[in-house]
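Report on the following structure.
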Amino acid sequence: MWHYKLYEELKPLEIYKIYKLRVDTFIVEQQCYYEEIDEKDLSCVHMYKEVDGVIAAYARIIPEADTVHIGRVIVHPDFRGTGLAKELLNQALQYIDTHHHYLNMHLQGQAHLERFYGSFGFNTVSDVYFVDLIPHVDMERPAFGSNSPLKGA
């Protein structure tokens, strides 16, 4: 079951599990040393799927005045290779289509995932740049009103 919650709706244990997955993935596994928990957590929608008490997949959706950002896209190591990443992106796009269909979408993706995000209609809009020695690209997708139906399904 997918959950969509604002920060103030999260229970302490849910916050702990989300932060633990994010830190374990982005700080420990990828060896990127930066402030993982930021002020955006207070104003975004935390989207996750829990399986047997484990956060199996997570992303945050950050609406702004003229765009909506998808960030912190994670699939727990125990669930990688199961198709959950596609399900996660489809869920995020459906949420945005329902609540922010008039906004263009933006994400910073690791460069090796460019084709994956491209299968959902995202186009690369930057050269490759490095964040903590990991190559990234900026990608955008037009608002659903100016787009064809969901891809990548």
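The values are calculated or read from the model by the stated rules, or taken from the named source; none is laboratory data. Since this is a predicted model, take the numbers as computed values, not measurements. Cβ placement follows ideal geometry from the backbone for every residue including glycine, while neighbour counts extend to all protein chains displayed. The protein model used for the area step is the full one, side chains on, heavy atoms only, and it has no ligands, DNA or RNA in it. Shrake-Rupley method; radii C 1.70, N 1.55, O 1.52, S 1.80 Å.
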query: What is the number of the single condition among (1) assigned to a helix (DSSP H, G or I); (2) in contact (Cβ under 8 Å) with a residue 24 or more places away in the chain that residue 74 does not meet?
result: (1)
message: Looking at residue 80 and the list (1) under 16 Å from the mean Cα position of the chain (by Cα); (2) under 21 Å from residue 138 (Cα atoms); (3) of a type in the set (D, E, K, R), which single condition is not satisfied?
response: (2)
- request: Among the numbered conditions (1) loosely packed, with under 15 Cβ neighbours inside 10 Å; (2) among the hydroxyl-bearing types (Ser, Thr, Tyr); (3) touching a strand residue (DSSP E or B) at 6+ places or on another chain (Cβ under 9 Å), tell me where residue 95 comes up short.
  value: (1)
message: Quick check on segment 21-33. Is at least one of its residues among the hydrophobic types (A, V, I, L, M, F, W, C) and within 15 Å of residue 61 (Cβ to Cβ)?
response: no
Criterion (in contact with a strand residue (DSSP E or B) (Cβ under 9 Å, 6 or more places away or on another chain) and open to solvent by 40 Å² or more (accessible area, probe 1.4 Å)) met by exactly one of 120, 79: 79
field: Hits in segment 15-31 (condition: open to solvent by less than 80 Å² (accessible area, probe 1.4 Å) and outside any helix (DSSP H, G or I))
entry: 30
message: Considering only segment 58-72, I want to know if a residue exists there that is surrounded by 19 or more Cβ atoms within 10 Å (Cβ to Cβ), more than 22 Å from residue 18 (Cα to Cα), touching a Lys or Arg at 6+ places or on another chain (Cβ under 8 Å) and of a type in the set (Phe, Trp, Tyr).
response: no
- prompt: Of the residues that make up segment 1-17, is at least one within 23 Å of residue 136 (Cβ to Cβ) and touching a residue at least 24 places away in the same chain (Cβ under 8 Å)?
  reply: no
- prompt: Any chance segment 46-69 includes a residue that's farther than 17 Å from residue 140 by Cα, of a type in the set (Lys, Arg) and without any contact (Cβ under 8 Å) to a residue 12 or more places away in the chain?
  reply: no
- line: If we keep only residues of segment 32-57 that are assigned to a loop (DSSP other than H, G, I, E, B), touching a strand residue (DSSP E or B) at 6+ places or on another chain (Cβ under 9 Å) and not hydrophobic (A, V, I, L, M, F, W, C), then the residue surrounded by the fewest Cβ atoms within 10 Å (Cβ to Cβ) is 34
field: Single residue of 120, 116 found to be in a helix (DSSP H, G or I) and either small (Gly, Ala, Ser) or under 23 Å from residue 2 (Cα atoms) (or both)
entry: 116
